[in-house]
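Every number here is computed from the coordinates shown, using simple stated rules; none is lab data. Only a predicted model underlies this, so the values are computations on that prediction, with no experimental measurement involved. All Cβ positions, glycine included, derive from the backbone under ideal geometry; neighbour counts span all protein chains shown.
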Amino acid sequence: MIDRYADNGRLDTILTQSPHRPVEGYTTTTSYRFGGIASRRLVLTDASHSFVAWITVEESLNPNTNNVRVSVSTTESAVPDQGGAFKDRFPVTYRLARVMLGPVISAMIFGQ
């Protein structure tokens, strides 16, 4: 869980921007509410990639917090013999996510 207002509200902007307007140049997004909880999924890859990677940002179930859940998912093949850090196992997805999330939020998620 990360404060939605960290890094000048970057995650809040991603989560609340109109679903009819692309987020920071990403044209494939979905926004939805389930049980009153807002969620947004942004696809990081395009037809030039051999895999799909996406970021999901979801409001917390606790209405008394500013925290949001952020997850990075991918079908990228893991680099052989690279255990541990996500950035080492899935380097292309890591780079794409870092561009979208920025260095501050990326450091919170990937533990740099």
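With both labels modelled 7 Å from their Cα along Cα-to-Cβ, the R69 to A38 distance reads 1.8 nm. Over all distinct Cα-Cα pairs of the chain, the Kirkwood formula returns a hydrodynamic radius of 14.6 Å.
GNM on the chain, alpha-carbon springs under 10 angstrom: the most fluctuating residue among L42, L15, L61 is L61. Close amide H contacts of F51 (hydrogens built in the peptide plane, cut-off under 5 Å, sequence separation of 5 or more or a different chain): none are found.
Each residue, S48 and Q17, gets one label point 7 Å from its Cα in the Cβ direction; the gap between the two is 1.9 nm.
Exposure proxy check: I37, I14, I55, I2 ranked by fewest other beta carbons within 10 Å? Provide the component values of the computation, followed by the final result.
On the way: I37 14, I14 22, I55 26, I2 19.
Taking fewest neighbouring Cβ atoms as first place, the list is I37, I2, I14, I55.
By other beta-carbon atoms within 10 Å, ranking D7, D46 with the fewest at the front produces D46, D7. Sorting S18, S60 from the fewest to the most surrounding beta carbons within 10 angstrom yields S18, S60.
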